[in-house]
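Below you will find the structure I want to go over with you.
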Amino acid sequence: MADVNEVVIIGSGPAGLTAAIYAARAGLEPLVIEGYGAGGQLMITTDVENYPGFPDGVEGPEMMQMFRRQAERFGTRFITADVSRVDFSAQPFRVWVGDDEHAGKAIVVSTGASAKWLGIEGEQRMMGRGVSACATCDGFFFKDKPVVVVGGGDTAMEEALFLTRMCESVTVVHRRDEFRASAIMAQRVLDNPKITVRWNAAVVDVEGDQVVTGVKVQDTVTGEESVIPAAAMFVAIGHQPNTSLFEGLLDMDDEGYLHTQPDSTYTNIDGVFACGDVQDTVYRQAVTAAGSGCMAAIDAERWLEAREAGAPDHAGATASAD
């Protein structure tokens, strides 16, 4: 059996690193298995201007490095690799990185969610230069400029309506001839004079060199291509929570987001906690993720104290990564 840690944190975005800071300051000496994608979605965000305490803004990777240094300062240990398998069937819980086993009395799951992308070349090339998956994060940078939103669900409707507050115009590009969004959200978009809808259109490329200048689309009916002038393209086709590792173990919704008990970060397994975008289907902001990371650390600390005082253990389950 590997050495037993008080707390093992899986994931290292704002939620995981905040949990590490709080757990470390509580003397729990947490082990963070940060993954090869350490830092989460902020690692592909150029400028963060809506996180309190940074009046002049900060680059996403720089902010995540600050989080990491702060956690490390208080005694957090890090492993830069992905978890391959977990066993939550008995205490202590066990987590594997390849063939290396790590044990923990409490587990904090903060593996986040990944934005779904279109998969076109220009999208990756212009990431952070006008291509974004978060209007709330990046919309302000395109004040009084034309932008494009890609998608047809409620998320796309919300992004488009939000962007009308600051952008000159918004063009919604959708592959079909009707939205998948709820009727009320779709109608709000159709009624908004600043929004134009391009039906039956698929994005095939993003134009521009240093910054986005236009979005090339192809008519799905005629095959005709055209360019929509735009300073930014917001991809709003959904997010995928990074929870395949926990399928069959932790309760989750149909999309894979982990369920947590009301007003807490407790999952269905006693001693396993979840925080950040992996369980947040509503806000998905760095500041809310950090807040839930704080909650998870406090929940874990109090749970460990109660367990030492004689509370019973509860069996869980076992699973491995796909």
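Residues are listed down the side, and each one gets a yes or a no for (1) assigned by TED's automatic domain parsing to the domain that holds residue 259; (2) acidic (Asp, Glu); (3) more than 26 Å from residue 236 (Cβ to Cβ); (4) not in a loop (DSSP other than H, G, I, E, B):
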{"site": "8", "(1), (2), (3), (4)": "yes, no, yes, yes"}
{"site": "19", "(1), (2), (3), (4)": "yes, no, yes, yes"}
{"site": "36", "(1), (2), (3), (4)": "yes, no, yes, no"}
{"site": "50", "(1), (2), (3), (4)": "yes, no, no, no"}
{"site": "55", "(1), (2), (3), (4)": "yes, no, yes, no"}
{"site": "65", "(1), (2), (3), (4)": "yes, no, yes, yes"}
{"site": "75", "(1), (2), (3), (4)": "yes, no, yes, no"}
{"site": "91", "(1), (2), (3), (4)": "yes, no, yes, no"}
{"site": "107", "(1), (2), (3), (4)": "yes, no, yes, yes"}
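Can you list the strands (runs of 3 or more DSSP E) lying wholly within the stretch 188-262 that have 1 or more residues being in contact (Cβ under 8 Å) with a residue 60 or more places away in the chain, touching a strand residue (DSSP E or B) at 6+ places or on another chain (Cβ under 7 Å) and buried (at least 16 other Cβ atoms within 10 Å of the Cβ)?
201-208, 212-219, 225-229, 232-235, 239-241
Find the residue count for the stretch 143-166, including only residues that are free of Cβ contacts under 8 Å to residues at least 40 places away in the same chain and part of a loop (DSSP other than H, G, I, E, B).
Going through the stretch 143-166 one residue at a time, the tally reaches 6.
Of everything in the stretch 263-308 that's of a type in the set (Ser, Thr, Tyr) and outside any loop (DSSP other than H, G, I, E, B), which residue is surrounded by the fewest Cβ atoms within 10 Å (Cβ to Cβ)?
Among residues in the stretch 263-308 that are of a type in the set (Ser, Thr, Tyr) and outside any loop (DSSP other than H, G, I, E, B), the one surrounded by the fewest Cβ atoms within 10 Å (Cβ to Cβ) is 288.
Got a number for residues in the stretch 109-125 being surrounded by 24 or more Cβ atoms within 10 Å (Cβ to Cβ) and not in a strand (DSSP E or B)?
Here the count works out to 3.
Per-residue answers, yes or no, for (1) closer than 26 Å to residue 14 by Cβ; (2) at pLDDT 95 or above; (3) not small (Gly, Ala, Ser):
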site	(1), (2), (3)
134	yes, no, yes
137	yes, no, yes
149	yes, yes, yes
159	yes, no, yes
163	yes, yes, yes
167	no, yes, yes
178	no, yes, yes
181	no, no, no
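For the stretch 1-27, give me each residue that is touching a strand residue (DSSP E or B) at 6+ places or on another chain (Cβ under 6 Å) and surrounded by fewer than 24 Cβ atoms within 10 Å (Cβ to Cβ).
The answer is 2, 4, 5, 6.
The values are calculated or read from the model by the stated rules, or taken from the named source; none is laboratory data. This is a predicted model, so every value here is computed, not measured. Note: ideal-geometry Cβ built from the backbone for every residue, glycine included; neighbour counts use all protein chains shown.
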